[in-house]
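Just below is one structure, and these are the notes that go with it.
The values are calculated or read from the model by the stated rules, or taken from the named source; none is laboratory data. Here the structure is a predicted model, which means the values were calculated and not measured. Don't worry about glycine lacking a Cβ; one is built from the backbone with ideal geometry, like all the others, and counts go over all protein chains shown. Note: accessible area is taken over every heavy atom of the protein model, side chains too, but ligands, DNA and RNA are not part of it. Shrake-Rupley method; radii C 1.70, N 1.55, O 1.52, S 1.80 Å.
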Amino acid sequence: MKKKILVITGSRSEYGILKPLLEEINLSDSFNLQLVVTGSHLSSAHGATVSEIQSDGYEIEKKIDLFLSSDSRLDTTKSMSIALLGFAEALEELSPDLVLLLGDRFEILIAASVAMIHGKPIAHIHGGEVTSGAFDDSIRHSITKMSHIHFVSTEKYKSRVIQLGESPERVFNVGSLGVESINKLDLLNKSDVENAINFELGSKSFLVTYHPVTIDSENEKENITNLFKAIDKSENGKFIFTLPNADPGNQEIAKLIIDFVDGRTNCKYFESLGQHLYLSCMKNVTGVIGNSSSGIIEAPSFNIGTINIGKRQNGRVFATSIINCAMDYDQIFQAISKISSRDFKRNIKNIENPYEGGNSSVKIINILKTFKNDFAALVEKKFYDLP
């Protein structure tokens, strides 16, 4: 008899990472997929990316609207309270055998809390990572402590999950699902990307994604203004902006980006490109700029440079293609010049991506099969003390 796996997705980036695993669950003779869609997927302000999920042909069991009309911390907390009730009703109705969660967003924290109260085992993807510039860090570790099976993306993260008291027999390094997507997707060539986004990339182009720094957001406007200054100082560059995720403070950043792009022929912004077009852009640009995890995890697979700005991603495992710099426009400008240079491109031509795991989704399915007949027993776990 097939077991029911409930998967929750609340953002465009998370869904893109989950896609190869969703496909494997659908193909499996051991599991049935129950897909719950929430968060920014259902927000028109963030591109209403539920349409992408529907166009991919996935059956959505439940939609839980969090009414993300504002990005204040108060309204984010209100959205969390809505999520609490919505997820509780969904779990009661769908009665899954396992809840599978990815990442570190606030709606995923609520989903984990509800699953814990309902006595449902949780499998968590991308635990053990550190991002000291965002409250995602605390959320991620909290989800780890409520989870029962852990799928991490590097050996360092595996050690950290065990350090948090999780049994080594339940922690598995499977690499990154996001990197697997790159290897599986038929990505567009440069001319097709240019036609799709109606924007000429030229010989020097960059994908720019800047999310709110939720731990210390006092100087956010000044910080992103420094990024804009560096872009204006860079000659002959083309810049594709994607608007920030639904963290507190995203609306001010989005407005600043829209105002900056307005009137500049070398810049263009998108609410959401979707996974296929986003990765296709990444494949054909000179480099990635900003503070998004995609610049850390996915970009090295394309052998392009990443300019990681500020402290939002501090603590992650970095490939040698990543340049870390402060929110200083001169440092950012120098970094743009560096990753555009022939020497830098030559030096990273054959780099290894530390997040490469091969067929991560197949690994996850095969591991879940070993627990299939004992999912319920996973709920009772002991704290693992390091020797």
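Between the amide H of Ser70 and any residue lying 5 or more places away or on another chain, no distance stays under 5 Å, with hydrogens modeled in the peptide plane. Once you mark the trypsin sites (Lys or Arg not before Pro) that are in a DSSP loop and have at most 16 other Cβ atoms within 10 Å, what is the longest gap between them in the chain? Longest run free of exposed loop sites: 3-263. Loop sites only, by DSSP: take the chymotrypsin sites (Phe, Trp or Tyr not before Pro) in the chain that have at most 14 other C-beta atoms within 10 Å and name the longest stretch containing none of them. Answer - 68-382.
Each part gets one Cα centre, and for region 42-88 versus region 283-304 those centres are 27 Å apart.
Per-residue 3J(HN,Hα) values for region 200-210, derived from phi via the Karplus relation 6.51 cos²θ - 1.76 cosθ + 1.60 with θ = phi - 60°, read 7, 7, x, 8, 9, 9, 9, 9, 10, 9, 10 Hz in sequence order (x marks Gly and Pro).
Projecting label points 7 angstrom from Cα along Cα→Cβ for Asp65 and Asp192 puts them 3.6 nm apart. Only DSSP H runs of four or more residues enter the estimate; each adds -39500 (n - 2.57), and after division by the residues of the chain the mean residue ellipticity at 222 nm equals -12500 deg cm²/dmol. Distant-in-sequence amide contacts of Ser167, defined by a placed amide H-H separation under 5 Å and a gap of 5 or more residues or a different chain, comprise Tyr384. Charge tally for Leu94 (other residues, Cβ to Cβ under 11 Å; Lys, Arg +1; Asp, Glu -1): -2. If we count every other residue with Cβ under 11 angstrom of Ser142's Cβ, Lys/Arg +1 and Asp/Glu -1, where does the sum land? Net charge around Ser142: -1. Averaging over all projection directions, the Cα-based convex hull of region 102-145 occupies 2.7 nm² in the image plane. For a distance above 18 Å, tell me the whole-number percent of Cα pairs in region 1-64 that qualify. Cα-Cα pairs of region 1-64 separated by over 18 Å account for 30 percent. Our coupling estimate for region 360-369, obtained by passing each phi through the Karplus curve with A = 6.51, B = -1.76, C = 1.60 and θ = phi - 60°, is 4, 5, 5, 4, 4, 4, 5, 5, 4, 4 Hz, Gly and Pro reported as x.
Cross-link reach is defined here as a Cα-Cα straight distance under 19 Å, omitting same-chain residues fewer than 8 places apart; for Lys4 the lysines meeting it are Lys19, Lys62, Lys63, Lys120, Lys363, Lys369, Lys372. Between beta-carbons, use under 11 Å as the cut-off and find the net charge around Asn366, counting Lys and Arg +1, Asp and Glu -1. Residues near Asn366 contribute +2 overall.
Between amide H atoms placed 1.01 Å from N, distances below 5 Å from Thr131 occur with Asp137, all of them 5 or more places distant or on a separate chain.
When you restrict to C-alpha pairs under 8 Å that are six or more residues apart and normalise by the size of the chain, the relative contact order lands at 18 percent.
Exposed loop positions in the chain were taken to be GluC sites (Glu not before Pro) whose DSSP state is not H, G, I, E or B and which have at most 11 other beta-carbon atoms within 10 angstrom. Between these positions, the longest stretch is 60-217.
Annotation: lysines with alpha-carbon distance below 19 angstrom to Lys238 (same-chain offsets under eight excluded): Lys190, Lys204, Lys229, Lys268, Lys283, Lys338, Lys345. Once the 1.4 Å probe is applied to the protein heavy atoms, the chain comes out at 41 Å² accessible per residue. Applied to region 147-160, the Karplus parametrisation 6.51 cos²θ - 1.76 cosθ + 1.60 on θ = phi - 60° returns per-residue 3J(HN,Hα) values of 9, 10, 10, 10, 10, 9, 10, 8, 5, 4, 5, 4, 4, 5 Hz, with x for Gly and Pro. Compared with the dominant principal axis of the Cα atoms in the chain, helix 73-94 is inclined by about 40°.
Within the accessible area of the chain, the carbon and sulfur atoms contribute 48%, probe 1.4 Å, all protein chains present.
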